[in-house]
C-alpha cells in the first residue's frame, strides 16, 4: 500500500499540538521549509523543535507562535546571523515563552543516535569543559573499564522527523546525497517520519543504487512529492541556496509587524508550496537550478 500523501494531508494526519519534531537535520541543506510552512498554516501549537542548524525554519515557527521549546545547537539566520523571532522569544517571551535545551552540533547528534540505538544515553568527551555541560540533559559518568570521567548525553526520541530528500519510492525508501548531517539518526530515532522528496520514483530506481538508500521504507510513515520543498535552502543536484531570500527575511522580520507582513504574504497568503513558488516567479527559481552535470563515476554491482 502506497504511503504517498499530499503535504497538507500528511501534516494534518501526523502533526499534533504538543509534539516533538526533528527538522533541519541536514544542517544548512535540504531543510523542509514546505512542511514547516504547512505546519504554520494549520496553526499547530506547543511544539518542541529538535535539530542542529535549522536556519530560519525554527525562527519562522517560533514567530508564528507554534513553539514552546527547542532542543538545538543553533537557531538564527545563517546568511545574516541573527534570528529576530528567536531573540524576541528568548529575551521577552514573545509571542510565547520559549524553553531552550542547549546542545552542540555533536551532542544533538549523539542524543538522536542514542534513541536510534534504543539506548538511554551515549557517552562523550566533548564539551566536558564548557558551560553547556552543566545543563540537566548531561550527566557525569565514569567508564567502568578505564575509570575515565565522561559526559553522558541523554537520548532524544522525537515524536516525528520531517526530512527532505532527493528521491523516494511510494514506500518511503529514500535516496539522499550531499550533506547528511544527522538525517539518518533522526529518522531512526523518531516514532514517525514524513519524507518530502524532489522526485517520487519507481522502486526499481531505488534498488538500482542500494547504497544510496539512507532512509529505509520501514522507518517511514508518509511520503510527499514536493519539488523544491527545501526552498530557500539548497538540495544538491536540484536547487542552489537562495541567499537573497535570507537577507530579505532578515530585513523584513526586524519587527513583529514586519514578520507578520512576511507571514501573511509567503505563508498564509498562499494555499500551498506550489503557490509559494509561483509567487517568487519563474526567473528566480530558474536562476537557482544547477548548471551542467556532475556525475559520479559509474559502479558495477555484479558479483
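Note on residue 293 and residue 17: the extension gain reaches 95.1 nm, defined as 0.36 nm multiplied by sequence separation minus the Cα-Cα distance. For the range 5-80, the share of alpha carbon pairs falling in successive 5 Å distance bins from zero is 3, 17, 30, 27, 16, 5, 1, 0 percent.
Distance from the C-alpha centroid of the range 260-291 to that of the range 151-179: 25 Å, rounded to the whole angstrom. Compared with the alpha-carbon gap, the fully stretched path from residue 99 to residue 207 is longer by 34.6 nm at 0.36 nm per residue.
Structure remark: mean-square fluctuation, Gaussian network model of the chain, C-alpha springs under 10 Å; the largest value among 140, 87, 167 belongs to 140. Of all the options 138, 218, 58, the one that moves most in a Gaussian network model of the chain with Cα springs shorter than 10 angstrom is 218. With N the number of residues in the range 91-193, Rg(Cα) / (2.2 N^0.38 Å) evaluates to 1.28.
Residue order for 143, 25, fewest other beta carbons within 10 angstrom first, comes to 143, 25. With a ≥ b ≥ c taken as the square roots of the eigenvalues of the C-alpha gyration tensor of the range 38-91, please select rounded if a/c is under 1.5 and otherwise prolate if a/b is larger than b/c or oblate if it is not? Since a/c reaches 1.5 and a/b is larger than b/c, the shape of the range 38-91 is classed as prolate. Working from label points 7 Å from Cα in the Cα-to-Cβ sense, the residue 130 to residue 302 distance is 5.0 nm. Summed over all non-identical Cα pairs, the Kirkwood treatment of the chain gives a radius of 19.9 Å. Over the chain, dividing the summed -39,500 (n - 2.57) contributions of all DSSP H runs of at least 4 residues by the number of residues returns a 222 nm mean residue ellipticity of -8500 deg cm²/dmol. Counting only DSSP beta bridges whose two residues both lie in the chain, roughly 35 percent are antiparallel. With a/c under 1.5 counting as rounded, go ahead and sort the range 237-303 into rounded, prolate or oblate using the C-alpha gyration tensor (a ≥ b ≥ c being the square roots of the eigenvalues; past the cut-off, prolate if a/b is larger than b/c, else oblate). Verdict is prolate for the range 237-303. Each of 254, 274, 41 was scored by other Cβ atoms within 10 Å of its Cβ. Listed from fewest to most, they are 254, 274, 41. The stretch between residue 255 and residue 157, if pulled fully straight at 0.36 nm per residue, gains 31.8 nm over its current Cα-Cα span. Pick from 91, 283, 28 the residue whose mean-square fluctuation is largest in a GNM of the chain, springs joining Cα atoms under 10 Å. Looking only at 91, 283, 28, the largest GNM fluctuation is found for 283.
Computed over the chain, relative contact order equals 20 percent, with contacts defined as Cα pairs under 8 Å that lie 6+ residues apart.
Residues 299, 214, ranked from the fewest to the most other C-beta atoms within 10 Å, line up as 299, 214.
Rule-based calculations on the coordinates, nothing more; no lab input. Since the structure is predicted, the reported quantities are computational estimates derived from the model, not experimental observations. Positions of Cβ are generated from backbone atoms using ideal geometry, with glycine treated the same way; all protein chains shown enter the neighbour counts.
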